[in-house]
Amino acid sequence: MAARQRLKAVLIDLSGTLHIEDSAVPGAQEALSRLRRAPVAVRFVTNTTKECKRTLLERLCRLDFDIQEREIFTSLSAARGLVERRALRPLLLLEHSALEDFSGIETSDPNAVVIGLAPEHFNYETLNKAFRLVLEGAPLIAIHKARYYKKKDGLALGPGPFVTGLEYATDTQATVVGKPEKTFFLEALRDLDCQPEEAIMIGDDARDDVGGAQNSGMLGILVKTGKYRAGDEAKISPQPHLTCENFPQAVDHILQHLV
Amino acid sequence: MAEMDWKHTIRDLKGVVLDMCGVLYDSGEGDGVAIDGSIEAVKRLKASDLQLRFCTNETQATREKFVAKLGRLGFDICVDEVFSPAPAAVTILKERGLRPHLLVHDDVVPEFDAVEKTDPNCVIIGDAADNFSYQNLNKAFQVLIGLEKPVLFSLGRGRYYKEMDGLKLDVGVYMKALEYACDVEAEVVGKPSPVFFQSVLADMGIQPSQALMIGDDLVNDVGGAQSCGMRGLLVKTGKYRGDHTGIKRKLSEGKHDTRHWTAAPEVSGRSPGCIHVIGRPAE
């Protein structure tokens, strides 16, 4: 096995890895404390198009996790990073609760479209507005392309179908910034002065967390909590660096073998 | 050479098929607006020895309502000359024993009056415009994803069309959205489906090589017709944007009458286009 650089950063998925809805994974808080005593940076990463960082932080604090807001990186953060780097003025098709993460970004006279899960904006008039901008050359930035998601009363359309529709209408391709895109993982490491080869990702989604991370050059640990189903580890190539029971075990492995 | 090809086309021509929106008129507030010279051009075609049919992917109204609107704009067209997707879809539903969930414009619903719609086992989407709300789209999605064998019909697959207040998303965009959401492939009824063009040719009793399709949509009008062996003529009115890759355009001077449609013929994608008169030139 090729020698790897020293581990500098650990990326940790939230829902399904640290907590399942409103319950922490048993032992996760203590495992995080142990991880923090090692000389590694820690970032908490998630795909979301609805929840701003403050909301995510509040939930994690309620569950007794020792986390700072600046350590949270979401697909919304990734989109903001892209918008800032390219000095774009976006039309934001986002839920109201997500707009906080774009405060300070100029949105008048838009020359870009940022699209997340926003049913209130997916009406004919607003989509036409977005369509005309993209047709005239505005970049289309998608928070992620999930097909649908599960609600209490059944399945509901995610942002993916609308992004696909706009791509077809304008004969362009959206830049997708959420997991499992490489952009997401590289952006998450951007302010840590850390190469992908010096980082590891812990998550419960074989394709979006581990597959995506490993494709960008990182190592990945798949945990068998949250949405994990038996055999998921075989669905990606290469397979996860490690598949283990839960986040505390993943931390044990890192402290014993990689630091 | 485009000139020789065009002369052959004219010589062998027995029928003309006209797209409507973007060729005869632009839609918008009220009835819309007839495109300059189009009313006269249709009259001249009808007075000639060529057969004439109208082929539209219009699904925002029944054929009767649609033809009445064109009458008010000054066109002399009757329902029997018009081919549109909704009646074609009804035929397919009957043949295959299907009951549709409809996501279409309110004004085209009457075309489906005779069709059983309870306990749907397929979804039909048309150019629903403001009916393309998230809620309606979600309902169509839930019907589809709940079927053991999801069947999705799309009345046309256009990307956008032109109205007086700007370009607007067409049914194809929402077809792609539902295809992606459910991982299915839609069946297209209407242009550019070959079955649709063939039904028009059969009605005229002529061969594809004897027919010319005139439209403003490169893919759905001209491309679709040419795939069936018909000739295609692309007009620069309506949704035409002048940025289609693969078209070479050569303007040849003095050969056109500007009162008529100016066009850049796409002859099998090989020859550069030039401007021609439709029908027999006025002397």
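The values are calculated or read from the model by the stated rules, or taken from the named source; none is laboratory data. No experiment lies behind these values; they were computed from the predicted model shown. All Cβ positions, glycine included, derive from the backbone under ideal geometry; neighbour counts span all protein chains shown. Note: areas computed on protein heavy atoms with side chains; ligands, DNA, RNA excluded. Shrake-Rupley method; radii C 1.70, N 1.55, O 1.52, S 1.80 Å.
For region A:204-217, the count of residues that are more than 20 Å from A:ASN47 (Cα to Cα) and open to solvent by 10 Å² or more (accessible area, probe 1.4 Å) is zero. From the residues in region A:152-187 that are of a type in the set (A, V, I, L, M) and outside any helix (DSSP H, G or I), which one is nearest to the chain's Cα centre (by Cα)? Out of the qualifying residues, it is A:VAL177. Screening A:TYR124 against (1) more than 10 Å from chain B (Cβ to nearest Cβ); (2) within 23 Å of B:VAL171 (Cα to Cα); (3) among the hydroxyl-bearing types (Ser, Thr, Tyr) leaves a single unmet condition, (1).
Looking at B:LYS191, is it of a type in the set (Lys, Arg), away from chain A (no Cβ under 12 Å) and open to solvent by less than 20 Å² (accessible area, probe 1.4 Å)?
Values: of a type in the set (Lys, Arg): yes; away from chain A (no Cβ under 12 Å): yes; open to solvent by less than 20 Å² (accessible area, probe 1.4 Å): yes.
Criteria met by B:LYS191.
Can you name the residue in region A:141-155 that is small (Gly, Ala, Ser) and buried (at least 16 other Cβ atoms within 10 Å of the Cβ) and, of all such residues, is farthest from the other protein chains (Cβ to nearest Cβ)? That would be A:ALA142. I'd like to know if region A:100-121 contains one or more residues that are free of Cβ contacts under 8 Å to residues at least 40 places away in the same chain, under 21 Å from A:GLU51 (Cβ atoms), surrounded by fewer than 14 Cβ atoms within 10 Å (Cβ to Cβ) and within 10 Å of chain B (Cβ to nearest Cβ). Checking region A:100-121: at least one residue is free of Cβ contacts under 8 Å to residues at least 40 places away in the same chain, under 21 Å from A:GLU51 (Cβ atoms), surrounded by fewer than 14 Cβ atoms within 10 Å (Cβ to Cβ) and within 10 Å of chain B (Cβ to nearest Cβ).
Can you give me the number of residues within region A:44-61 that are open to solvent by 20 Å² or more (accessible area, probe 1.4 Å) and in contact (Cβ under 8 Å) with a residue 40 or more places away in the chain? Can you show your working first?
The first filter runs over region A:44-61 and keeps only residues open to solvent by 20 Å² or more (accessible area, probe 1.4 Å), leaving A:47, A:50-51, A:53-55, A:57-59, A:61.
Now restrict to residues that are in contact (Cβ under 8 Å) with a residue 40 or more places away in the chain: A:47, A:50-51, A:53-55, A:59.
Selection size over region A:44-61: 7.
When B:GLU163 is tested against (1) surrounded by 18 or more Cβ atoms within 10 Å (Cβ to Cβ); (2) under 16 Å from the mean Cα position of the chain (by Cα), only condition (1) is not met. Tell me, please, whether a residue that is open to solvent by 10 Å² or more (accessible area, probe 1.4 Å), under 17 Å from B:THR59 (Cα atoms), in contact with a helix residue (DSSP H, G or I) (Cβ under 7 Å, 6 or more places away or on another chain) and not aliphatic (A, V, I, L, M) can be found in region B:137-154. Scanning region B:137-154, I find no residue that is open to solvent by 10 Å² or more (accessible area, probe 1.4 Å), under 17 Å from B:THR59 (Cα atoms), in contact with a helix residue (DSSP H, G or I) (Cβ under 7 Å, 6 or more places away or on another chain) and not aliphatic (A, V, I, L, M), so the answer is no.
Against the list (1) modelled with pLDDT of 95 or more; (2) surrounded by fewer than 21 Cβ atoms within 10 Å (Cβ to Cβ); (3) in contact with a strand residue (DSSP E or B) (Cβ under 7 Å, 6 or more places away or on another chain); (4) within 14 Å of another protein chain (Cβ to nearest Cβ), the condition A:THR243 fails is (4).
I'm checking my understanding of the structure. Among residues of region A:165-187 that are open to solvent by 20 Å² or more (accessible area, probe 1.4 Å) and within 12 Å of chain B (Cβ to nearest Cβ), which one is nearest to B:MET175 (Cα to Cα)? So, considering only residues that are open to solvent by 20 Å² or more (accessible area, probe 1.4 Å) and within 12 Å of chain B (Cβ to nearest Cβ), the one nearest to B:MET175 (Cα to Cα) is A:TYR168.
List the strands (runs of 3 or more DSSP E) that sit entirely inside region A:1-102 and contain at least 1 residues that are closer than 20 Å to A:PRO180 by Cβ.
Values: elements: A:9-13, A:41-46, A:72-74, A:90-93.
Of the strands (runs of 3 or more DSSP E) lying wholly inside region A:1-102, those with at least 1 residues that are closer than 20 Å to A:PRO180 by Cβ span A:9-13, A:41-46, A:72-74.
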